[in-house]
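In what follows, a single structure is set out as structure tokens and then discussed.
Nothing in this text is a laboratory measurement; each read-out follows from the coordinates by a stated rule. These numbers come from a predicted model, not from an experiment. Ideal geometry is used to build each Cβ from the backbone, glycine not excepted, and the neighbour counts take in all protein chains shown.
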């Protein structure tokens with residue numbers, strides 16, 4: 001297992017370096033979904049960069065505390081139907097520190113052509129260092145890659161390893177895009193800058 005770059009240099013109030021590293025792939029003024037947003041650290045950071053962000057979480061207090069410029073919606077993502085049915089597709093979807101596998105088809109369908117999917121959460125092995133420790137909350141080896149391929153997304157970057165900051169954790173990270181052409185061909189030629 002390879003060591004990864006820290007999940008965050010300043011704890012959980014700062015956006016994940018994984019999100020900030022790949023945010024340059026978002027088109028200007030992108031419509032972004034921050035799913036299971038928690039305190040809204042990514043929503044606030046993205047909105048400050050001119051993106052239109054919808055932050056969704058089941059915690060009404062967290063949604064009420066979102067900064068101006070971020071739209072919030074209270075929804076229990078694990079009960080009932082997909083709460084964003086009927087929404088226009090998103091130019092980007094950000095998910096960190098959250099895993100509910102039944103949502104993956106909905107997320108893939110909600111990603112617009114040319115859209116960016118940034119995902120980072122805990123992986124198998126984390127049960128040896130702390131919580132979460134239940135298999136339901138831990139990605140299997142290579143699982144994010146499988147999900148991206150199953151939904152026709154082109155993988156731009158993927159990591160699977162251990163980070164030490166802010167605490168030791170096993171994580172997987174994915175940056176993937178939906179093909180911008182009308183055929184949905186994930187192998188279609190495209191240029192994605194690997195560095196901003």
Exercise for review: Provide the three semi-axes, in whole Å and in decreasing order, of the ellipsoid equivalent to the range 6-91 as defined by the square roots of 5 times the Cα gyration tensor eigenvalues.
Suggested key: 21, 16, 12
Point to revise | Distance histogram for the range 34-168 (every C-alpha pair counted, 10 angstrom bins, percent rounded to whole numbers) | key: 11, 39, 38, 11, 0
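For the chain, what does -39500 (n - 2.57) per DSSP helix run (n ≥ 4), summed and divided by total residues, give at 222 nm, in deg cm²/dmol to the nearest 500?
Details: 5 runs with 33 residues, N = 196.
My calculation for the chain gives -4000 deg cm²/dmol from helical runs alone.
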**Study point:** the range 22-154: antiparallel DSSP beta bridges as a percent of all, rounded to 5
**Key:** 0
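Restricting to Cα pairs below 8 Å that are 6+ residues apart, what does the relative contact order work out to for the chain? Please round to a whole percent. Write out the running numbers ahead of the final one.
Details: 408 pairs, mean separation 42.5, N = 196.
It comes to 22 percent, rounded to a whole number.
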Point to revise | By average C-beta atoms within 10 angstrom, highest first, the peptides 151-163, 133-145, 110-122 | key: 110-122, 151-163, 133-145
Review point. Any idea what log10 I(q)/I(0) is at q = 0.19 Å⁻¹ for the range 103-180, Debye with uniform C-alpha scatterers and no solvent?
Key: -0.78
